[in-house]
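Have a look at the structure below, then the notes.
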Amino acid sequence: MTASTLPAISNGDEEGAYIDSKPQQTPPRTKRDLRGYVKDFLGIDVPDKQICPDHQSPMDYLWYSFSMDLGSSIADLRLKDDNRQSKNAPRKCNGDAIVWANRAGGKTELAAVATLLDCVLKPNCQVRILAGSGEQAGRMYDYLTGFLRDGFERFLAGPILKTKCRFANGSSVEVLTQSAKSVRGQHIQKLRCDELELFNEEVFAAAKFTTQSKAGITAAMELISTMHRPYGLMQREVTSALDFGTPIFKWCVWEVIEKCIDRSCSQCPLSSDCRGKAKAANGYLRIDDCITQMRRASRACWEAEMLCKRPSRQNVVFDEFDPAVHVQPIDYDPNLPLYRSLDFGFVNPFVCLWIQVDGAGVVRIIDEYVRSRATIDVHAEQMKSQTPIPEEQVATTFCDPAGKSVNDVTGTSAIRELRAMGVIVRSRRSGILEGIELIRRTIRSGDGQSRLIISPRCQRLIEAMECYHYPESGGAPGELPQKDGLYDHPIDALRYFFVNHARPAKTATRRY
């Protein structure tokens, strides 16, 4: 559709009342008006139907991004509970958002639309585009410049340059390179990070300090990507969104596929995943193209890239770990012995796990404690208070044998300090691969049975089980996993339990 007329500013109850033939600088005030504005002036019919229960529509993201500066966006957009919002989440104070969507899901083009709307309809709005690669950043900017040349040139204040352009109302947009030097020193209202999975971590860390609210425009950092890896930047940001109150806009192929009209479900290759969803869709992806892509890809890639289910687990250590199977509500059972297992740390986290094993050999991990930058005495007190029985009734506490090392400053060791505070610990030297194999056997043994249950309270351990991975450079099962300082510590604590519990302490006879 070509640009034609502007939807009238209305109460959103009707669509299609027009007042002019050229784009205006009067902001639409409702989601319906905004969708009409984009459709008529940019020729983009943004899908606006939520198909999957835990997803949102692409239009939900665009309205949230645009209306953040209208003063009423939060009330208008009802985010789902599964959208990582909770009653205990911090109050939202800026326009930050995460967009997690499928390949060819229109993420980059929609972000370019949001950039155009910001610059044309919000005076003095400074927008920057930062992408995981120069090619990706150029793609968003190309969308933007295409829009400008198709009816929006009159809002510019000068020519369109290779990486930036300025607007007569004081707004501007610029493409940043993937370097800390390019990012540092920027003080702008809007930053759009495209394909976050490909970002350099140092650049991303610097980018977090670039946005500031000013000129009546709310600061916003938008993170846009598919989720390729369970241990990448995107996964980390999605996981931490709950803590920061950041909304996640998630859609998959079913929110952007064309409406299915005359196909037989029984003969359609997509039917097992679709289950009639395409019959309610109003997107633009051709069904035949989606069928072709599904046949080209592996099942793991199709689920990760198009269905936005859990990322490909090709490089993770515990690829058979499944929260749907292994995470269940469990509590302390007074009829079973209680163990603890520790991994020492100061800058890196100190980890303690509370574990029981039932008569069938099922390992039950009932609680966790994870904390950085605290001394052993602080950890010991927390361990005791979190333990559901008196200290003397704990079967034993396993730990890293490195805890025997004497500290040059204190003149003592972590193990000695714990024993002085009444915490009896035991350790045994073992190889990393030995412990990993014991964990794998519990996740799923040779007979296909699972003998591992983790309480939902153990969020850091669950995350580590999903994300503990081999190095990116072609990691193989015989290779040691990545020591990333994030996921390895909860796994190390779990390893120490398995290697010690599997081999009870030997009884030594001494002559006196």
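Worth pointing out:
- Evaluation of C301 against (1) free of Cβ contacts under 8 Å to residues at least 40 places away in the same chain; (2) outside any helix (DSSP H, G or I); (3) closer than 26 Å to D54 by Cα (one fails), failing number: (2)
- Criterion: more than 20 Å from V99 (Cβ to Cβ), under 24 Å from the mean Cα position of the chain (by Cα) and either buried (at least 21 other Cβ atoms within 10 Å of the Cβ) or at pLDDT below 90 (or both) - qualifying residue of A207, A137, A180, A131: A180
- When P390, P329 are checked against the criterion of being farther than 30 Å from K107 by Cα and without any contact (Cβ under 8 Å) to a residue 12 or more places away in the chain, a single residue qualifies: P390.
- Helices (runs of 4 or more DSSP H) wholly inside the stretch 220-293 that include at least 1 residues being in contact with a Pro (Cβ under 8 Å, 6 or more places away or on another chain): 233-244, 253-256
- Residue in the stretch 223-231 that is polar (S, T, N, Q) and within 23 Å of I51 (Cβ to Cβ) present: yes
- Exactly one residue among Q393, Q356, Q386 is over 38 Å from the mean Cα position of the chain (by Cα) and modelled with pLDDT of 90 or more, and that residue is Q393.
- Within the stretch 288-312, the set of residues being crowded, with 21+ Cβ neighbours inside 10 Å and either among the basic types (K, R) or in contact with a strand residue (DSSP E or B) (Cβ under 8 Å, 6 or more places away or on another chain) (or both) comprises C290, C308.
- One residue alone among S266, S372, S341 is of a type in the set (S, T, N, Q) and under 22 Å from E434 (Cα atoms), and that residue is S341.
- In the stretch 140-174, the residues that are more than 16 Å from Q24 (Cβ to Cβ) and either in a strand (DSSP E or B) or polar (S, T, N, Q) (or both): T145, T163, K164, C165, R166, S172, V173, E174
- Criterion violated by A324 - all others in (1) free of Cβ contacts under 8 Å to residues at least 24 places away in the same chain; (2) in a strand (DSSP E or B) satisfied: (2)
- Test set (1) over 25 Å from the mean Cα position of the chain (by Cα); (2) surrounded by 14 or more Cβ atoms within 10 Å (Cβ to Cβ); (3) within 25 Å of Q56 (Cβ to Cβ); (4) without any contact (Cβ under 8 Å) to a residue 60 or more places away in the chain - Y284 fails condition number: (4)
- Verdict on V325 being under 19 Å from E466 (Cβ atoms), loosely packed, with under 15 Cβ neighbours inside 10 Å and among the aliphatic types (A, V, I, L, M): yes
- Filtering K250, K208 for residues that are assigned by TED's automatic domain parsing to the domain that holds E303 and without any contact (Cβ under 8 Å) to a residue 40 or more places away in the chain leaves a single hit, K208.
- Candidates Q189, Q212, Q136 - the one that is over 18 Å from L233 (Cα atoms), touching a strand residue (DSSP E or B) at 6+ places or on another chain (Cβ under 6 Å) and of a type in the set (S, T, N, Q): Q189
- Of the residues making up the stretch 377-400, at least one is assigned to a strand (DSSP E or B), closer than 19 Å to A464 by Cβ and either assigned by TED's automatic domain parsing to the domain that holds D492 or small (G, A, S) (or both).
- From the options R444, R428, R457, R503, residue that is charged (D, E, K, R), modelled with pLDDT of 90 or more and within 28 Å of T387 (Cα to Cα): R457
The values are calculated or read from the model by the stated rules, or taken from the named source; none is laboratory data. This structure is a prediction, so every number in the text was calculated from the model and none was measured. Glycine gets a Cβ as well: all are built from the backbone with ideal geometry, and neighbour counts include every protein chain shown.
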